[in-house]
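Single-structure report; data block below.
Nothing in this text is a laboratory measurement; each read-out follows from the coordinates by a stated rule. Every value quoted in this text rests on a predicted model; they were computed, and no experiment measured them. Please note: Cβ atoms are built from the backbone with ideal geometry, for glycine as well, and neighbour counts cover all protein chains shown.
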Amino acid sequence: MVGGSDAGAHLDRMCGANYPTAFLADCLRGRKLLPVEEAVRMLTKQPADLFGLSDRGVLAEGSFADIVVFDPATIDSMPARLVNDLPGDSPRLFAASTGVVRVLVGGVETIVDSQPTGALPGAVLRSGVDTHTVTAS
């Protein structure tokens with residue numbers, strides 16, 4: 001699965017948070033292995049289908065409005081660096097993105113002009129409640 005990350009499980013040895021923006025940069029300006037439409041599908045619909053996430057991963061009426069608006073000319077990832085912003089001043093790896101213009105979670109702007117708004121509208125998804133059973137194919 002493209003764009004998967006360990007969600008911070010390896011706080012000081014691995015940083016997977018930058019995979020999606022680095023992948024898009026590679027598809028648009030790097031090796032150009034895939035058209036951007038296919039790259040976006042691999043980062044959105046494909047994982048949603050894999051995990052059985054209903055009404056996610058597509059832009060369609062009735063679906064959740066989780067949207068990333070990016071500039072194709074500048075989308076990328078900065079190099080990972082160690083920051084000490086966890087409780088007890090503990091370290092973690094962080095990699096900022098470039099070219100992310102806006103992010104909407106459930107239709108609420110969480111990033112505007114590359115800056116966080118402070119809004120935290122997301123919710124934890126529960127298996128079997130917010131998902132459907134996926135069979136191996």
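So what is the relative contact order for the chain, in percent, with contacts set as C-alpha pairs under 8 Å and at least six apart?
22
If Lys and Arg each add +1 and Asp and Glu each add -1, what is the summed charge of the other residues whose beta carbon sits under 10 Å from the beta carbon of ASP130?
+1
Given charges of +1 on the Cβ of Lys and Arg and -1 on the Cβ of Asp and Glu, with all other atoms neutral, how large is the dipole of the chain about its Cα centre, in debye to the nearest 20?
Its charge dipole is roughly 320 debye.
Local charge sum around THR110 (other residues, Cβ-Cβ under 14 Å, Lys/Arg +1, Asp/Glu -1)?
Net charge around THR110: -2.
List the GluC sites (Glu not before Pro) within region 36-65 that fall in a DSSP loop (any state other than H, G, I, E or B) and whose Cβ has at most 11 other Cβ atoms within 10 Å.
When the GluC sites (Glu not before Pro) of region 36-65 are filtered for loop state and at most 11 Cβ neighbours within 10 Å, GLU61 remain.
Here are a few candidate values for P(r) over Cα pairs in 5 Å bins from 0, in percent: (1) 2, 11, 21, 25, 21, 12, 5, 2, 1, 0, 0, 0; (2) 2, 7, 12, 14, 14, 15, 13, 9, 5, 3, 3, 2, 1, 0; (3) 2, 9, 14, 20, 22, 18, 10, 4, 1, 0. Which one was actually calculated from the structure I just gave you?
Computed from these coordinates, P(r) over Cα pairs in 5 Å bins from 0, in percent corresponds to label (3).
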